[in-house]
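Heads up: the structure comes next, in structure tokens.
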Amino acid sequence: MRGDRERGHVSRRGLLAAMGTAGIAGLGAGGLAGHLSGTATDTADGEDPALVSARSRVAPREGRPPALLTPVPANVQVVAVDVRAQDGPDVRRTAREVLAAWSEQARSLHDEGLASLVEGAPSQDLHPASLGVTLGLGPSLLERAGLADRRPPQMEDLPEFGTDHLDPAWCDGDLMLYVGAEDPLVLSSAVDHLLRTAGDRTRVRWALPGFQRSAVAAADPGATPRNLMGQVDGTVNPRPDEALFGPQVLASHTDRPLAWMDGGTYVVVRRIRMLLDDWFALEPERREEVIGRRLSDGAPLGGDGEHDLPDLAARDGGGEPVIARDAHIRLASPESTLGARMLRRSFNYDLGWDAEGRRQAGLLFTAWQADPRTGFTAVQRNLDEGGDALNAYIRHEGSALFAVPPLREDEPHVAHSLF
Ligand code: HEM
């Protein structure tokens, strides 16, 4: 069991004091590091740590969008929209208007909440719920707006992978709206408001709501959550307090045409359906082999605890690798992918059953990195070509890539210098 500090049991005062004295070094992934990295809370001393997420406001920090901050709220909605305008200057003007409107509304939503913007807002009487808005630009926007020369090489189209089953209806988009909140009503009403603010300048291309367990329901709100396959998911991730977080997650562009993305990040969003009936038909031991970690506590096979380093060289009595050759964590590891690293923020989605009675549930997978070519793409290529054992139980059905510019205090809106 983690201590109170690590589980986020802090008031705003305690939080600032903790930053001043101890800093954030040494805290577990997903623990208090999160509270220190992004939220301010009006809660009183001694409050149940599980309530902190519900009562906090998001305070974007050092140009980092809310999507990179922790604690990660329980609910998210990713909406991809296309800009309704003629290709060329018209798209450029319309996109700028939409980004300006969304940036302004996002600031007000973060600072005051929806009730201050809309009379009769559905979320009135609710706490801020860590509502956070993150905006992204798709490659198609730059092309359509005549800004191809400002498109960073990091934004090159993702390659096709052998295991892709992509439906174009769930791919790409000119702009991304990524909204997170601990409470589903706060989230839904904020998304609705933002889309209404854009009016008929945008058309929704696809949207996917995701969730993880709520902090209130968790026995330990600081623990790594589980996905719908029952696995502890999110263990190996760069932490905001690590020196490597910046180089791995944040983009560096000192050259002028691309400076609009300096300090931003690139996100890959994948809609990955899980074949849950097939998965749960497996014996638990087989499910552990497929991933290379224990179901009970997420420890790597052969290890003792969740945060132990996986021993990829270990052999069992019969000389076979303890972590199988095709285990997901072996093929996704930096050792197998030339050091590839990304920040994974995975949520579950559950849309019930489709007209054919197929389960529509899986992972709303998001990967945030400085360069998708050496991050997501390098790992996905290895999972694909290396024959990841997990591939038999999942289907990649949707895919998109967006540039997420930094939030600059001196700019009126996101990506201002691009326009
Ligand atoms: C439904 C699809 C997926 C499921 C259920 C899944 C599940 C997991 C689980 C349970 C772990 C071990 C715990 C952890 O470190 O988080 C893991 C690790 C990891 N996964 Fe996935 N994953 C999926 C797709 C992907 C994809 C598409 C990528 C990237 C292309 C990816 C990249 C990684 C990486 C980099 C690690 C850490 C490997 C290491 O130990 O160094 N995963 N995944």
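Return a yes/no flag: does the range 211-218 have any residue that is under 29 Å from Glu112 (Cβ atoms), within 16 Å of the ligand (Cβ to nearest atom), of a type in the set (Lys, Arg) and surrounded by fewer than 19 Cβ atoms within 10 Å (Cβ to Cβ).
Looking for residues that are under 29 Å from Glu112 (Cβ atoms), within 16 Å of the ligand (Cβ to nearest atom), of a type in the set (Lys, Arg) and surrounded by fewer than 19 Cβ atoms within 10 Å (Cβ to Cβ), one finds at least one in the range 211-218, hence yes.
Restricting attention to the range 302-338, and to residues there that are outside any loop (DSSP other than H, G, I, E, B) and farther than 21 Å from Ala367 by Cα, which single residue is farthest from the ligand (Cβ to nearest atom)?
Going through the qualifying residues, I end up with Arg315.
Which residues, taken from the range 248-271, are within 16 Å of the ligand (Cβ to nearest atom) and more than 14 Å from the chain's Cα centre (by Cα)?
Of everything in the range 248-271, just one residue is within 16 Å of the ligand (Cβ to nearest atom) and more than 14 Å from the chain's Cα centre (by Cα), namely Gln248.
Among the numbered criteria (1) loosely packed, with under 14 Cβ neighbours inside 10 Å; (2) under 29 Å from Gln77 (Cα atoms), which one does Gly318 miss?
(2)
Quick one: Ala392 ticks every box in (1) at pLDDT 95 or above; (2) over 20 Å from Pro168 (Cα atoms); (3) surrounded by fewer than 22 Cβ atoms within 10 Å (Cβ to Cβ); (4) under 22 Å from the mean Cα position of the chain (by Cα) except a single one, so which number is it?
(4)
Listed here are the residues, each with its yes/no results for (1) more than 21 Å from Ala100 (Cα to Cα); (2) modelled with pLDDT under 95.
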| residue | (1), (2) |
| --- | --- |
| Phe365 | yes, no |
| Trp368 | yes, no |
| Thr377 | yes, no |
| Gly398 | yes, no |
| Arg408 | no, yes |
| His416 | no, no |
| Phe419 | no, yes |
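Take Val290 and tell me if it is under 30 Å from Asp149 (Cα atoms), under 26 Å from the mean Cα position of the chain (by Cα) and in contact (Cβ under 8 Å) with a residue 60 or more places away in the chain.
no
Among the residues of the range 249-258, is any surrounded by 15 or more Cβ atoms within 10 Å (Cβ to Cβ), out of contact with any strand residue (DSSP E or B) (no Cβ under 9 Å at 6 or more places or on another chain) and among the hydrophobic types (A, V, I, L, M, F, W, C)?
Yes: the range 249-258 contains one or more residues that are surrounded by 15 or more Cβ atoms within 10 Å (Cβ to Cβ), out of contact with any strand residue (DSSP E or B) (no Cβ under 9 Å at 6 or more places or on another chain) and among the hydrophobic types (A, V, I, L, M, F, W, C).
Checking the condition of a type outside the set (Ser, Thr, Tyr), touching a Lys or Arg at 6+ places or on another chain (Cβ under 7 Å) and not in a loop (DSSP other than H, G, I, E, B), which residue from Val81, Val72 passes?
Val81
Which numbered condition trips up Gly339, out of (1) of a type outside the set (D, E, K, R); (2) in contact with a Ser or Thr (Cβ under 9 Å, 6 or more places away or on another chain); (3) at pLDDT 95 or above?
Failed condition: (3).
Given the criterion in a helix (DSSP H, G or I) and surrounded by 13 or more Cβ atoms within 10 Å (Cβ to Cβ), identify the matching residue among Leu109, Leu135, Leu158, Leu126.
Leu109
If you go through the range 272-292 one residue at a time, do you hit one that is under 30 Å from Gly138 (Cα atoms) and in contact with an Asp or Glu (Cβ under 8 Å, 6 or more places away or on another chain)?
yes
Just to check your reading of the model, which residue among Gly180, Gly234, Gly199, Gly230 is more than 16 Å from the ligand (Cβ to nearest atom) and on the phi > 0 side of the Ramachandran plot?
On inspection, the qualifying residue turns out to be Gly199.
One line per residue, one yes/no per condition, for (1) free of Cβ contacts under 8 Å to residues at least 12 places away in the same chain; (2) of a type in the set (Asp, Glu); (3) under 27 Å from Arg330 (Cβ atoms):
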{"site": "Asp174", "(1), (2), (3)": "no, yes, no"}
{"site": "Pro209", "(1), (2), (3)": "no, no, no"}
{"site": "Val232", "(1), (2), (3)": "no, no, yes"}
{"site": "Asp262", "(1), (2), (3)": "no, yes, no"}
{"site": "Val269", "(1), (2), (3)": "no, no, yes"}
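If Val267 passes every condition in (1) farther than 25 Å from Pro310 by Cα; (2) part of a loop (DSSP other than H, G, I, E, B) but one, which one does it miss?
Here Val267 meets the rest and fails (2).
Out of all the residues in the range 88-95, is one or more modelled with pLDDT under 85, over 23 Å from the mean Cα position of the chain (by Cα) and not charged (D, E, K, R)?
no
Looking only at residues that are among the small types (Gly, Ala, Ser) and in a helix (DSSP H, G or I) in the range 176-221, which one is farthest from the chain's Cα centre (by Cα)?
Gly199
When you scan the range 293-301, do you find a residue that is within 12 Å of the ligand (Cβ to nearest atom), part of a loop (DSSP other than H, G, I, E, B), free of Cβ contacts under 8 Å to residues at least 60 places away in the same chain and farther than 22 Å from Gln212 by Cα, even just one?
Within the range 293-301, one or more residues are within 12 Å of the ligand (Cβ to nearest atom), part of a loop (DSSP other than H, G, I, E, B), free of Cβ contacts under 8 Å to residues at least 60 places away in the same chain and farther than 22 Å from Gln212 by Cα.
Please enumerate the residues belonging to the range 244-259 that are β-branched (Val, Ile, Thr) and part of a helix (DSSP H, G or I).
Val249
The values are calculated or read from the model by the stated rules, or taken from the named source; none is laboratory data. None of these values were measured; they are calculated from a predicted model. Don't worry about glycine lacking a Cβ; one is built from the backbone with ideal geometry, like all the others, and counts go over all protein chains shown.
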